[in-house]
Amino acid sequence: MFNAAIMAAEEGANPLIPNGWEILVTLAGFAVLMFIVIKFVMPAFEKTFAERTEAIEGGIAKAEAAQAEANAAREEYKQQLVDARAEANRIREEARAEGAQILASLKEKAAAESARITEQAHVQIEAERQAAVVSLRAEVGTLATELASRIVGESLADDARSARVVDRFLADLDNQSAGAAK
Amino acid sequence: MIALALPAETTDEGFVAPTIEDTHYPDILPWGGEYGVWFEGGFGKQMLLVIFSVILIASFFMAASRRRQMVPGKLQFLGESAYGFVRNSIGKDIIGGRDYLKYVPWLFAAFFFVLVNNIFGAIPLLQIPTFSHPGSAYAIAAIFYILWIAIGVKKHGLRYFKLAVVPSGVPWYIMPLLIPIEIISNFLVRPVTHSLRLFATMLAGHLIITLAGSAIEYMALSGSILLQGTGVLVLGGAVAMYMLEALIMVLQAYVFTLLAAIYIEGALHADAH
């Protein structure tokens with residue numbers, strides 16, 4: 001075998017002429033390698049790459065979602081705070097208005113009461129004056145007639161007459177006082 | 001030549017440099033015929049290494065991609081970085097667009113297939129970059145030749161061939177000159193350079209290491225103190241060349257994949273070029 005190889009070599013084989021078996025083995029080897037790469041190696045690596053990318057991007061998305069949620073909660077609290085403040089203001093304002101209203105109504109009521117009392121007093125005074133006038137008139141009449149009858153000695157017991165005299169006298173008095181008032 | 005295969009007989013004839021034939025090891029499972037002839041020869045070390053590389057790459061990436069953890073462990077991180085390198089800095093940056101992912105498995109498989117097979121040349125005992133045999137280089141370049149033409153035809157229909165060879169914005173009277181050049185450069189020269197670049201760099205690097213190695217052996221066994229002293233210098237040079245070769249192995253895997261991506265991109269956007 002060695003000798004055969006040597007003989008062939010001695011003929012000065014062209015180094016560019018390939019050996020068919022080597023070609024076949026290389027083609028077959030490359031084909032097997034391609035099959036394994038396409039079937040197993042590449043999908044596995046690509047899947048890992050994709051999963052890793054997704055994991056990283058998913059983490060970022062999750063963080064962003066949490067951030068957004070926190071922001072929303074903060075906004076909500078702020079809003080609630082503003083609402084509460086407005087509510088408190090409103091209540092205070094209402095209370096003030098109510099107080100003012102109550103005060104006003106109380107004042108009004110007091111004024112009305114005082115007016116009523118004054119009115120009542122006026123009426124009573126008027127009534128009492130009237131009564132006083134009536135009783136005074138009666139008394140003055142009686143006194144006057146009695147006085148006159150004593151002076152005159154004539155009984156002025158006749159009621160009708162005496163009443164007339166008294167009335168005339170009083171009317172004179174009224175006229176005098178009216179004239180004085182003018 | 002005979003002397004080379006049997007180095008023990010050569011010492012008294014002076015140094016005979018190893019040749020390309022020496023990069024072809026005896027068959028492990030011979031089934032007749034010899035190297036240098038189509039479909040002859042047996043199952044050799046090179047083919048064994050090709051199969052080994054497929055097992056190595058496949059098992060590594062299967063193990064690295066199996067766990068699919070959010071926070072990757074060391075193995076998964078290594079696998080993801082390797083995959084992400086081809087996916088992003090070759091696939092995404094060169095092909096781009098929305099559907100570059102469709103072509104990533106081709107680039108990914110090609111990069112690590114070429115890389116591991118090249119690196120074999122830098123590992124003691126394995127010690128042969130499998131693409132220093134032209135058959136493998138032709139095969140993998142042919143795969144991409146067919147792939148990018150198929151992508152072009154699928155994307156643009158038969159109009160693709162017109163788009164690929166008729167440059168736009170060129171006066172009509174230059175066309176007779178340009179069209180043949182475009183045909184030759186795109187459809188004839190491109191697959192050849194794509195494969196030969198890989199094959200030639202690997203073969204050359206391997207030959208240099210082989211040459212240095214056999215020279216060191218010859219000098220060390222020569223019995224002359226002067227030659228042995230020179231052998232130390234050669235050893236230093238060989239280590240430097242080994243480092244350079246290791247760099248070129250990685251670089252060529254990158255270049256091969258990068259060019260494949262550029263060809264695919266050119267086929268996809270033939271109307272824009």
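The values are calculated or read from the model by the stated rules, or taken from the named source; none is laboratory data. Here the structure is a predicted model, which means the values were calculated and not measured. Here the Cβ positions follow ideal geometry from the backbone for every residue, glycine too, while neighbour counts run over all protein chains shown.
Here are the numbers for this structure:
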quantity	calculated
Any hit, the stretch B:130-148, residues being of a type in the set (A, V, I, L, M, F, W, C) and either exposed (fewer than 14 other Cβ atoms within 10 Å of the Cβ) or away from every other protein chain (no Cβ under 13 Å) (or both)	yes
Neighbours by Cβ (under 6 Å, 6+ apart or cross-chain): first from the stretch B:197-216, free of Cβ contacts under 8 Å to residues at least 24 places away in the same chain; second assigned to a helix (DSSP H, G or I)	B:216/B:231; B:216/B:234; B:216/B:235
So residue A:161, is it surrounded by 10 or more Cβ atoms within 10 Å (Cβ to Cβ), among the basic types (Lys, Arg) and modelled with pLDDT of 80 or more	no
Flag for residue A:53 being surrounded by 10 or more Cβ atoms within 10 Å (Cβ to Cβ), of a type in the set (Val, Ile, Thr), more than 30 Å from residue B:130 (Cβ to Cβ) and within 14 Å of another protein chain (Cβ to nearest Cβ)	yes
Qualifying residue in the stretch B:44-51 (condition: in a helix (DSSP H, G or I), modelled with pLDDT of 90 or more and more than 22 Å from residue B:242 (Cβ to Cβ))	yes
Every residue from the stretch B:120-141 that is under 10 Å from the mean Cα position of the chain (by Cα) and of a type in the set (Val, Ile, Thr)	B:130, B:140
Those residues of the stretch B:65-97 which are in a loop (DSSP other than H, G, I, E, B), more than 11 Å from chain A (Cβ to nearest Cβ) and touching a helix residue (DSSP H, G or I) at 6+ places or on another chain (Cβ under 8 Å), in sequence order	B:96, B:97
Failed condition for residue B:229, given (1) farther than 30 Å from residue B:122 by Cβ; (2) at pLDDT below 90	(1)
Residue list for the stretch B:194-220, restricted to those being among the polar types (S, T, N, Q) and at pLDDT 90 or above	B:195, B:201
Filter result (under 16 Å from residue B:56 (Cα atoms) and either within 7 Å of chain B (Cβ to nearest Cβ) or surrounded by 21 or more Cβ atoms within 10 Å (Cβ to Cβ) (or both)) within the stretch A:15-44	A:25, A:26, A:29, A:30, A:32, A:33, A:34, A:36, A:37, A:40, A:41
Residue match in the stretch B:12-22 (condition: modelled with pLDDT under 60 and assigned to a helix (DSSP H, G or I))	yes
Which numbered condition residue B:139 misses (of (1) farther than 24 Å from residue B:21 by Cα; (2) modelled with pLDDT of 90 or more)	(1)
Subset of the stretch B:220-247 (residues that are touching a residue at least 60 places away in the same chain (Cβ under 8 Å) and surrounded by 16 or more Cβ atoms within 10 Å (Cβ to Cβ))	B:222, B:242, B:245, B:246
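The rows are residues; the columns are (1) out of contact with any Phe, Trp or Tyr (no Cβ under 6 Å at 6 or more places or on another chain); (2) farther than 30 Å from residue B:82 by Cβ; (3) not small (Gly, Ala, Ser).
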{"position": "B:124", "(1), (2), (3)": "yes, no, yes"}
{"position": "B:134", "(1), (2), (3)": "no, no, yes"}
{"position": "B:145", "(1), (2), (3)": "yes, no, yes"}
{"position": "B:162", "(1), (2), (3)": "yes, yes, yes"}
{"position": "B:183", "(1), (2), (3)": "yes, yes, yes"}
